[in-house]
Amino acid sequence: MNDKQKKPQKLKARLPRGFIDRSAADIRAVNEMTAKIREVYEHYGFDPVETPLFEYTDALGKFLPDSDRPNEGVFSLQDDDDQWMSLRYDLTAPLARHVAENFNEIQLPYRTYRAGYVFRNEKPGPGRFRQFMQFDADTVGAPGVQADAEMCMMMADTLEALGIKRGDYVIRVNNRKVLDGLMEKIEVSDPLQKLAVLRALDKHDKFGADGVIQLLGTGRKDESGDFTKGAGLAQTQIGLIIPFLSGSGLTPADQSRSRVRPLIGRPSKEDDILWVDNSWNSIEAARGTVGETPSGNAGIEELELMLALFEQAGYGPDRIAINTTIIRGLEYYTGPVYEAELLFDVTNEKGEKIVFGSVGGGGRYDGLVSRFMGQPVPATGFSIGVSRLMTALKNLGNLGQSEVIEPVLVTVMDGDVESMGRYQRMTQELRAAGIRAEMYQGNWKKFGNQLKYADRRGCPIAIIQGGDERAEGVVQIKDLIEGKRLSGEIEDNASWREARVAQETAAEADLVAKVKEILAAQTEDRARAGSNA
């Protein structure tokens, strides 16, 4: 028997599936984007609030993906008092709990925003993660749909603040009451069948009216042969829905200028020319289908009011449009629902051109706070998918453009106390002047490694002071950017030493001023190179 002690196994470094590490570039890009979003929200009078990552599982409750799977989709653990807690699935349910718990101290209407990570215990895949960031804005205590209309306007303003041009996005608006009216019209009361019908309608943008009709019936087989079971409606029921689908409208990118019916509140003129407003087509198609039902009629009236508010505030159909096939939040939205969709093409991982699609949305959820309170508490809000929107902005070249200068490197030539003190003092003087700087913290005895580090780090300047320079009270300042450019023009080491490429001597007292001068010259060179590109 071998009595030798077994060598302990080395722990394998591995990232859990569905999670990612974030680089400095990604973090800076997110910070840049969220700062612009925050500025718009603040401009609208919203204030920040923060809730914890964990909530008691029953606070999330049925407001998870489907009522028939109430506790799936979340990461949960049991506390020492045997109560179940879950990582938050979204930012809305925690806000509802926060409002209910602090209801007597909160000033209504309560207008708030927050950004943070949410967690989904779902199977990960390409572009589908278990942890991602959302940025939400909500108004609690405002019963009128003018609060919903303002949310849509704020979504449009946010996208434009991020550099997305009109015509490259649209905010689509619907109302769950219209869809409730549709269920009443076709006499569907079974919750699972309702869910199947709504999911079929939600595929309208993807499969068109023909595909939706198949999904409303027995089902649909795709090009690969995969079959999706349908909602099982009778042909007479499907026949009632077809006119509803015909008014779903086109995107602004597909529209041309034409004479159209003027919007509510706007006097008709002989020469009135607007973008073709398919919002009216959508409302009129809904009226013809569900206008006789109590729920449907209430939803149509709310959509008409919102459309009037959009027009009066100058938000035309090239920014916000009514589309009655928009389906969101099958479990908890109770009134208007809205979705921000990007209309430009991107190339996917297969090299195919696809429309980017939805980057956020929301709606009215009057029942979410109320379940804690035992009394009606109206609320509306929307959520932006930060990670997805960041991908879109990168495709447009609208993100990561702000320049990040890597730190100036103060090298270390000697390790005695006096020398180290002077190196540290130089570093602090640069920082005090607003210049990113670091003193080399590795093995200082191999000076060549310090310059290799500076090169890999992308440092713009290296500060060098050996014994001779210290005795004279001077430093060598090496322009690493210019040096790298000139190095291609020098053929041998002798020429390099003779030329002392992009390096000059300056008095210690002039260090900060000289570094600022070199950094300014580098900035001008980059700007010049960018304009000539």
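Assorted remarks:
- Were the residues from Asp468 through Leu108 laid out at 0.36 nm apart, the gain over their Cα-Cα distance would be 122.6 nm.
- Two-site FRET efficiency, Gln312 against Ala25, from Cβ-Cβ distance with R₀ of 45 Å, rounded to 0.05: 0.60
- Projected-area average for the stretch 88-129 over all orientations - Cα convex hull basis, square nanometres: 3.8 nm²
- Peptides 455-463, 197-205 ranked from most to least packed by the mean count of surrounding Cβ atoms within 10 Å: 197-205, 455-463.
- Pairs from the table (Lys394/Lys452; Lys203/Lys229; Lys36/Lys123) lying more than 23 angstrom apart at Cα are Lys394/Lys452; Lys36/Lys123.
- Net charge, Tyr113 excluded, C-beta distance under 9 Å - Lys, Arg +1, Asp, Glu -1: -1
- Contour minus Cα-Cα distance for Gln428 and Gln235 (0.36 nm per residue): 61.7 nm
- Note on Thr505 and Lys12: the extension gain reaches 172.6 nm, defined as 0.36 nm multiplied by sequence separation minus the Cα-Cα distance.
- Spin-label zone in the stretch 428-455 - amide nitrogen under 13 Å from a point set 7 Å from the Cα of Arg526 along the C-beta vector: 436
Every number in this text was worked out from the coordinates using simple rules, so none of it is lab data. The structure displayed is predicted, hence computed values, not measured ones. Cβ coordinates were reconstructed from backbone atoms using ideal geometry, including for glycine residues, and neighbour counts include every protein chain displayed.
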